[in-house]
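The values are calculated or read from the model by the stated rules, or taken from the named source; none is laboratory data. Here the structure is a predicted model, which is why all the values come from computation and not from measurement. Note that we place each Cβ from the backbone using ideal geometry, even for glycine, and neighbour counts take in every protein chain shown. To get the accessible areas, we keep the full protein, side chains included, count just its heavy atoms, and leave off ligands, DNA and RNA. Shrake-Rupley method; radii C 1.70, N 1.55, O 1.52, S 1.80 Å.
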Amino acid sequence: MSKSAYVRCFINGYEPISAPPTEYYRILGELRAIGNNINQIAHRANVTDDIRAEAYCKEYAVLTRITDDLTRAFLPRKHGC
């Protein structure tokens with residue numbers, strides 16, 4: 001990050017934080033892959049009229065919550081810089 005970008009962060013109310021560990025990105029990638037699989041399963045179910053939308057929505061909501069919790073744990077502050 002350039003010095004001017006760093007100063008703009010402070011002016012805009014952002015606090016710089018250190019980058020999360022590599023493990024964060026590995027776990028997040030796995031969770032996103034699971035989410036993608038859930039979406040593909042749901043799409044196929046909708047196309048074939050074998051719809052179990054409530055089950056898929058519930059699983060996707062759990063996945064989203066876990067992903068959000070993981071992000072908050074590793075990136076606890078608002079980040080935009």
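Just checking the listed ones, 11, 34, 66: in the Gaussian network model of the chain with Cα springs under 10 Å, the one fluctuating most is 11.
Calculated from the structure at hand, Cα extents along the principal axes in Å is found among [x] 55, 24, 18; [y] 36, 23, 19; [z] 80, 54, 23 as [x]. So, with a 1.4 angstrom probe, what is the percent of accessible area on the chain that is carbon and sulfur? Within the chain, the accessible surface is 55 percent carbon and sulfur. Per residue of the chain, the DSSP helices (runs of n ≥ 4 H) give a summed -39500 (n - 2.57) that works out to -24000 deg cm²/dmol at 222 nm. Annotation note: trypsin sites (Lys or Arg not before Pro) in the range 17-65 located in DSSP loop regions with a Cβ neighbour count of at most 13 within 10 Å are 52.
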